[in-house]
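The structure under discussion appears below in the form of structure tokens.
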């Protein structure tokens, strides 16, 4: 705040107190209007003081604020109903206390963490833009909490997968999931949790992955294209991703597999449907499959497996489809 603005703010508090006085005269009101007309800074300062007063009124039940204003009222009452200058000074002090209390309350309100729960159903994907500009893409059957305050931005991923494009903001950004914490350094990354197993894949920028509650677990700083994994036991395992260009294709509704195990493909596809695909022959799990499949297009996947990999299908119930060798 500049010195001129500081002076205007103090004068505004004085005017606020004077106009609250029971003996405020029409001459006082005229003088106040002239003061406001002298500059925009004066009018803005008075509006700010009035806004702080209103906030303090709304928070009047707060014990600390009530105690502060009570002292000012006692000081005013002790001077009696005579002695205009002293009475005015006491009122001015009361107004300043109210303004200070209002400003303090506003800082508490501004800095208090704000929590929000986000979730998707099975088969649903959802894009959410948070207040700081961070863009989240929630995959199927995902559940997380956001906690944003004046000092930090935090996400807690309980299950599922999220793609995170972090908004520009001075506050630190982190994601807690399982035993680990991912700290962002301005980037785009993904976090996936299945049970106690968590995978962090970095698309751009840099992130730091740590296990703060595990003594001697160390930490890892990822480069684009790297993935960190950790589970209920052990430490952090870092590896290169197969293809960073396809890692986030799920956010576009596409699953890309290149020479991946059929067992892995089925596990991924089953996340998007209440109708589950099962392998009648466990040896099918190691069959290598490549292809691009639409999220939720179970019929298209089954047709591709029948045509390209000589696999037959059998619907055993309204909730299960078996894969068999022809």
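List of remarks:
- Taken along the Cα-to-beta-carbon direction at a fixed 7 Å, the label points for residue 20 and residue 217 span 5.3 nm.
- Global form of the range 250-326, assessed from the alpha-carbon gyration tensor, a/c cut-off 1.5: oblate
- Gap separating the Cα centres of the range 299-326 and the range 147-221, nearest whole Å: 38
- Percentage, to the nearest whole number, of Cα pairs in the range 114-242 over 25 Å apart: 18
- Extension gain (nm, one decimal) between residue 283 and residue 183, 0.36 nm per residue minus Cα-Cα: 32.0 nm
- If R0 is taken as 41 Å, the Cβ-Cβ distance between residue 232 and residue 114 corresponds to a FRET efficiency of 0.85.
- Residues within the reach of a label modelled at residue 316 (point 7 angstrom out along Cα to beta-carbon, backbone nitrogen below 17 Å), restricted to the range 268-289, are 270, 274-285.
- Structural descriptor for the range 114-242: relative contact order 16 percent, calculated from alpha carbon pairs under 8 angstrom and at least 6 residues apart.
Any read-out appearing in this document is the output of simple, stated calculations on the displayed coordinates, not a laboratory observation. None of the values given here were measured: they were computed from a predicted structure. Positions of Cβ are generated from backbone atoms using ideal geometry, with glycine treated the same way; all protein chains shown enter the neighbour counts.
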